[in-house]
Amino acid sequence: MRFKLITCQVLTREMNSAVSRSPHAIDTEILPMGLHDLGVSMRPHLQEKIDATDLDGYDAILLGYALCGRGTEGLRAGKTQIVFPRAHDCIGLLMGSRTEYQKYFEAHSGIYYRSPGWVEFQTPGQTLEPAFPSKKKRPGNNKIGERRTLEELIVEYGEENGKYLFEQFSAFRQHYSGLTYISTPVESDDVFCGQARAEAEKEGWAFEEIHGSLTLLERLVNGEWDAADFLVVPPGASVRVTLGDGIVEAE
């Protein structure tokens with residue numbers, strides 16, 4: 001079969017590994033991790049990519065995303081079915097299942113997470129451009145989320161407002177006491193793990209490394225979409241959040 005994969009930059013190395021072993025023909029499009037900072041406002045960006053793909057004759061459009069702050073809620077399938085894993089965020093994807101993530105979460109409170117992709121692409125001041133090298137740089141400042149530096153915010157908003165915004169972007173870090181690095185079988189994983197460890201030491205957090213799994217990502221690109229772990233959105237249907245364990249459903 002022929003699939004189109006639209007995936008978050010955070011999962012680049014893991015997805016490339018899974019796609020390289022898939023028995024299907026897969027065209028991959030990687031979107032910048034900065035979209036995640038937009039929360040529900042990420043939806044129109046994803047919908048635009050889905051709509052642009054809809055008439056290209058694919059058997060399915062695969063999403064390398066989870067619910068992601070409800071950023072995938074409301075996505076609509078056109079003539080092509082959409083498929084993505086049932087998980088709350090990329091942590092569940094990288095752990096191999098939402099169940100494994102839930103077990104770890106319940107036993108470890110106050111934990112911040114990193115993975116190869118989160119370390120590789122967390123450069124301060126990251127913009128939306130890197131995933132679209134063919135496009136000319138757009139005018140204006142579109143840097144977003146925690147990847148904006150104090151200096152950048154002061155330049156744009158003035159010293160007082162810049163410092164306030166930086167404190168707001170950084171405030172969430174004060175509520176954590178540990179950093180867990182999810183290692184995956186990708187190139188340069190040891191380097192990324194070392195950087196995550198250094199970040200934990202800088203923040204005064206406890207550090208732990210755990211082994212993730214590519215199981216969900218591999219099953220996604222291999223077309224192994226059992227209803228327990230994947231949502232298949234048929235043509236004309238939309239994604240709706242549910243209160244049950246399934247997290248999302250089609251309507």
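The set of residues in the stretch 153-164 that are at pLDDT below 75 and either touching a Lys or Arg at 6+ places or on another chain (Cβ under 8 Å) or surrounded by fewer than 16 Cβ atoms within 10 Å (Cβ to Cβ) (or both) comprises 153, 156, 157, 161, 163, 164. Set side by side, the residues 180, 123, 149, 127 differ, and just one is at pLDDT 90 or above and hydroxyl-bearing (Ser, Thr, Tyr), which is 180. If you go through the stretch 60-75 one residue at a time, do you hit one that is more than 14 Å from the chain's Cα centre (by Cα), closer than 25 Å to residue 17 by Cβ and not in a loop (DSSP other than H, G, I, E, B)? Checked the stretch 60-75: at least one residue is more than 14 Å from the chain's Cα centre (by Cα), closer than 25 Å to residue 17 by Cβ and not in a loop (DSSP other than H, G, I, E, B). Only one of the numbered conditions (1) in contact with a Cys (Cβ under 6 Å, 6 or more places away or on another chain); (2) farther than 19 Å from residue 117 by Cα is violated by residue 60, and that is (1).
Whether any residue in the stretch 194-205 is outside any helix (DSSP H, G or I), outside the structural domain of residue 85 (by TED's automatic domain parsing) and at pLDDT below 95 is what I want to check. Yes, some residue in the stretch 194-205 is outside any helix (DSSP H, G or I), outside the structural domain of residue 85 (by TED's automatic domain parsing) and at pLDDT below 95. For the stretch 1-32, the candidate set comprises residues that are in a helix (DSSP H, G or I), of a type in the set (Ser, Thr, Tyr) and in contact (Cβ under 8 Å) with a residue 40 or more places away in the chain; within that set, the residue that is nearest to residue 115 (Cα to Cα) is 12.
The values are calculated or read from the model by the stated rules, or taken from the named source; none is laboratory data. Just so it is clear, the model here is predicted, and its values are computed rather than measured. Using ideal geometry, Cβ is built from the backbone for each residue, glycine included, and neighbour counts are taken over all protein chains shown.
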